[in-house]
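J.: Below is the structure I would like to discuss, written out as structure tokens.
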């Protein structure tokens, strides 16, 4: 069967507390933390962007897969913060990792689900027999305007997944994608920050697509919630995925491992897939996991995976994501944060 | 080969020369040197300049200067070797006369640094652009990394390091051409704005506009131009690795040692014979390392020796009587030429209140980059 | 600052630490035709592991304009475990953890960009290993 042979995640070591942002704007920190169910979020260093994040995640994935990078036939990076508007991120990444030049690469954008669609296309290539290995990556340095609700969650990080047919650590059991034109969140050309439809991003957007994709993929696989060890849904905050999980019959215990949002925030294209990476860090042979992304605009990709015996061989070959989120953090002031994110105008 | 002498000198004030452009300051120094030698025609011109292109958007400097000093028609070439451009130009002039190709050569050095858009960037082009400057190195940063290793290995204290700029500022007090002719205290050095640890602003030579020019002639006819010709007794030059990380020992600058060995051999003298030296103290650690490479002090001892007064008047050897790059100023391309002018003034007994009694034999040392090039001249009073 | 053509040709060295190992043992990160040690012209291509030790460092407080956005920053001379020498900025590390002899690992980072519309320059930086 075809599935994941290597995976890796990376988050910058800088964070800002939600309370720091709330204090800046005179908001009540505890009610915001309680509303969003997150306490801090990651911030990219001054020399990081979605590409350097993708490179580090991809290096960890190759490290776990222990394959010759030259054998990777395709690389797709999903992000809504590609460093260039015109010029591929993918080519930079393949040169950084020693993949290619005989490689197919493309940059994807689909709001927060660009990462899972990169995985979907990579998986499909291997499944069709086009190539031996293909890599899908989602990484973002998410934008949120100062003072906007998004600022409390928009964060930085990413994950990479290499698909193959041999030495698979987690087989793909089933997939399903679900998309409609729903303008709940967007960013126009040359605009620094996205806009969103407030509560319109809830039921008509997030829940409609996430719940449909989840229901259909489980039906296709003939599985019920109790068949899974873990499930993860896109995490714009801590509240939405918990609610989606509860509606679909998942227990808090099944949801816990994937809820990296509490310390990571919303890494847009890197959100649900980094939660899934956290699940892979602990998934046991034979256990099943559900991954459902969501991208505004809007759509969801759903994957069902089942771990093989080989998963235990690779889990400790690269840093676990929860360890990265908990250890060695450097907390920024709001002033440092706006400078790091270039939210103030510099003169050079 | 013919013996070569300095028969005329000219120097501008060093500093922030807002009203003069690069041509003006060069012409001022060059015309002073021609007046000093009582000539109005030269056979050949060399111009030492690091970066007319980046500082002033002006290349082809040799022809520009030949034109603006009224010498159109003479052969002229610009010589570039980063911060040692000036002394390399002198070397070219020296060999042109020694070979018999010319009789009167004007060698000038110039840099108009205050026109720069980003002076730190310009100076960093003297490092390996792709593998040092690209990675954020600045020139103070390179010498700071030498200082870090030196201080740790030899136990040199921050206070002892500060003794170099303190001494050189003291020397500059009596130099009318100096950019900063005033004394500084230990507290000033230690409290100065940070530049690159362990250096503060007062460990670093300044940004300077200035020009210097000398007239070279064969020794055999030197008395036609001056009563006190100064003989260039020996010349030595050498290169070193362009990147500091390729120095085998980060506390050594091999090019300085090699250039000095060659100059001593050519002059038939030893370090013990040298009474004073104008050396390239671009940063406080540089004078210490150079003093060791020149053979004045054992490796690892120059810092403490300078702090103990061994490099000032009454000490073992007077280093940088002019105030050095630190206090006199460091208009990059002019510095190497200006060092020979200070040596000439000392050997002619024209150095005023900073005169070294009985000065007969002096040395100049000028280097480029983090030791990518070094030139030593040994000068003698006749 | 490096324009696109100058930047592109250095990519193998900066992105993948492609170096030359001469048969006298000298390792050069940028390409050379000849070893500065023995003059040998025989070499093999190697990729440095990215692990090394700090030989010296400084904290730069007065950068050129292109690095002002990361000011102040540390720069170090590093000897890699293969014996190659290189200069690299240190990132993601508290200044007090940077010491001569500290172990570092090279990672892929953004170095600078050519103004608002020029290319973005990537390369290696070092992180002190905890």
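J.: Are any of the residues in the range B:112-131 part of a strand (DSSP E or B) and closer than 30 Å to residue B:64 by Cβ? Break it down into steps so the answer makes sense when it comes.
T.: Within the range B:112-131, the subset part of a strand (DSSP E or B) is B:112.
If we keep only those that are closer than 30 Å to residue B:64 by Cβ as well, we get B:112.
Scanning the range B:112-131 turns up at least one residue that is part of a strand (DSSP E or B) and closer than 30 Å to residue B:64 by Cβ.
J.: Here is a follow-up. Need a quick list: helices (runs of 4 or more DSSP H) entirely within the range A:33-133 having at least 1 residues that are under 18 Å from the mean Cα position of the chain (by Cα), within 14 Å of chain C (Cβ to nearest Cβ) and surrounded by 24 or more Cβ atoms within 10 Å (Cβ to Cβ). Explain how you work it out, then say what you get.
T.: Values: elements: A:50-65, A:89-97, A:114-128.
Once the helices (runs of 4 or more DSSP H) in the range A:33-133 are filtered for at least 1 residues that are under 18 Å from the mean Cα position of the chain (by Cα), within 14 Å of chain C (Cβ to nearest Cβ) and surrounded by 24 or more Cβ atoms within 10 Å (Cβ to Cβ), what remains is A:50-65, A:89-97.
J.: Only residues that are within 14 Å of chain C (Cβ to nearest Cβ) and in contact (Cβ under 8 Å) with a residue 12 or more places away in the chain: list them for the range B:177-204, please.
T.: Within the range B:177-204, B:195, B:196, B:197, B:198, B:199, B:202, B:203, B:204 meet the criteria.
J.: Among the listed residues A:213, A:160, A:231, A:153, which satisfies the condition of being within 30 Å of residue A:25 (Cα to Cα), at pLDDT 95 or above and crowded, with 24+ Cβ neighbours inside 10 Å?
T.: On the way: A:213 fails: within 30 Å of residue A:25 (Cα to Cα); A:160 fails: within 30 Å of residue A:25 (Cα to Cα); A:231 fails: within 30 Å of residue A:25 (Cα to Cα).
None of the others qualify; the one that does is A:153.
J.: Same structure, new question: Within the range A:9-29, does at least one residue satisfy the condition of being facing chain C (nearest Cβ under 10 Å) and out of contact with any strand residue (DSSP E or B) (no Cβ under 7 Å at 6 or more places or on another chain)?
T.: no
J.: I'm trying to understand the selection: among the residues of the range C:52-89, which are at pLDDT below 95 and more than 9 Å from chain B (Cβ to nearest Cβ)?
T.: C:68, C:69, C:71
J.: Which of the residues belonging to the range C:90-118 are facing another protein chain (nearest Cβ under 8 Å) and more than 13 Å from residue C:55 (Cα to Cα)?
T.: Here is the first cut: in the range C:90-118, the ones facing another protein chain (nearest Cβ under 8 Å) are C:91-92, C:94, C:100, C:107-111.
Listed by number, the residues that qualify are C:91, C:92, C:94, C:107, C:108, C:109, C:110, C:111.
J.: Among the residues of the range C:29-51, which ones are crowded, with 20+ Cβ neighbours inside 10 Å and within 11 Å of chain B (Cβ to nearest Cβ)?
T.: Scanning the range C:29-51 gives a single hit, C:29.
J.: What's the number of the condition residue B:244 fails, among (1) crowded, with 23+ Cβ neighbours inside 10 Å; (2) out of contact with any helix residue (DSSP H, G or I) (no Cβ under 9 Å at 6 or more places or on another chain); (3) within 14 Å of chain C (Cβ to nearest Cβ)?
T.: (2)
J.: Exactly one of these conditions fails for residue B:174: (1) touching a residue at least 60 places away in the same chain (Cβ under 8 Å); (2) at the interface with chain C (Cβ under 9 Å from one of its Cβ atoms); (3) surrounded by fewer than 19 Cβ atoms within 10 Å (Cβ to Cβ). Give me its number.
T.: (2)
The values are calculated or read from the model by the stated rules, or taken from the named source; none is laboratory data. Just so it is clear, the structure is predicted and the values come from calculations on it, not from any experiment. As a convention, Cβ positions derive from the backbone with ideal geometry for all residues, glycine included, and neighbour counts pool all protein chains shown.
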